[in-house]
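Here is the structure we will look at.
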């Protein structure tokens, strides 16, 4: 009896852990991370630095785009590498518009990515080889938009 309860409790714990993780993912859905944008010192105005970057590098008209919050994350790097900037957009549509321009930054030293919790990023990274191999074999492969760690290849869920 004890073994069955232990197994059931572990499964319920895992399900609750995943539910909490997906709730965190949902709360970050308006966020993007920007990489490679040079810092302007301790008293940097992250909002104006990001706005300038979007105008200059992506040629975006910033008149209608609004942000809830823009800030740097992590410790200052001793080697001079700039810290990532996390940006929370006021409107999801603005976030998607900017994210669609991420491929324009290829081979520039700059980057844009979705803001995932570490656990989701780890799970996706663990499945990255399967995704790349499937795409190389010209199979339809993608991560779910609602459960971002779930990989589908040819319409079939691939377990972690």
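Every read-out reported here was derived from the displayed coordinates using simple, explicitly stated rules and does not represent laboratory data. Just so we're clear, the structure is a prediction, and the values are computed from it rather than from any experiment. All Cβ positions, glycine included, derive from the backbone under ideal geometry; neighbour counts span all protein chains shown.
Helical runs (DSSP H, four residues minimum) scored at -39500 (n - 2.57) apiece and divided by the length of the chain put the mean residue ellipticity at 222 nm at -14000 deg cm²/dmol. Peptides 34-40, 91-97 ranked from most to least packed, by the mean per-residue count of other Cβ atoms within 10 Å: 34-40, 91-97.
Computed over the Cα atoms of the stretch 29-115, the ratio of the radius of gyration to the Kirkwood radius (Rg/Rh) comes to 0.93. Take 22-30, 82-90 and order them by the average number of nearby Cβ atoms within 10 Å per residue, most first; the result is 82-90, 22-30. The mean sequence separation of alpha-carbon pairs under 8 Å and at least six residues apart, normalised by the residue count of the chain, gives a relative contact order of 23 percent.
Computed from the C-beta positions of residue 140 and residue 104, the FRET efficiency with R₀ = 30 Å rounds to 0.75. By the beta-carbon count within 10 Å of each Cβ, the least crowded to most crowded order of 79, 126, fewest first, is 79, 126.
Relative contact order for the stretch 29-115: what percent, with Cα pairs under 8 Å and sequence separation of 6 or more? Reported relative contact order: 46 percent.
Between 14, 57, 130, the GNM of the chain built on Cα springs shorter than 10 angstrom shows 14 fluctuating the most.
Here the stretch 95-160 and the stretch 5-60 have alpha carbon centers that stand 15 Å from each other. Approximating the spin labels as points 7 Å out from Cα along Cα→Cβ, the residue 12-to-residue 81 distance works out to 4.4 nm. Translational diffusion of the chain, estimated by Stokes-Einstein from the Kirkwood radius over alpha carbon pairs at 25 °C in a medium of 0.890 mPa s, is 135 µm² per second.
Residues 78, 133, 149, ranked from the fewest to the most other C-beta atoms within 10 Å, line up as 78, 133, 149. Stretching the chain fully between residue 73 and residue 92 yields a gain of 4.7 nm (0.36 nm per residue, less the alpha carbon separation).
Distance between the modelled labels on residue 38 and residue 55, one decimal in nanometres: 1.7 nm (7 Å Cα→Cβ projection).
When each of 21, 32, 157 is scored by the number of other beta-carbon atoms lying within 10 Å, the sequence from fewest to most is 157, 21, 32.
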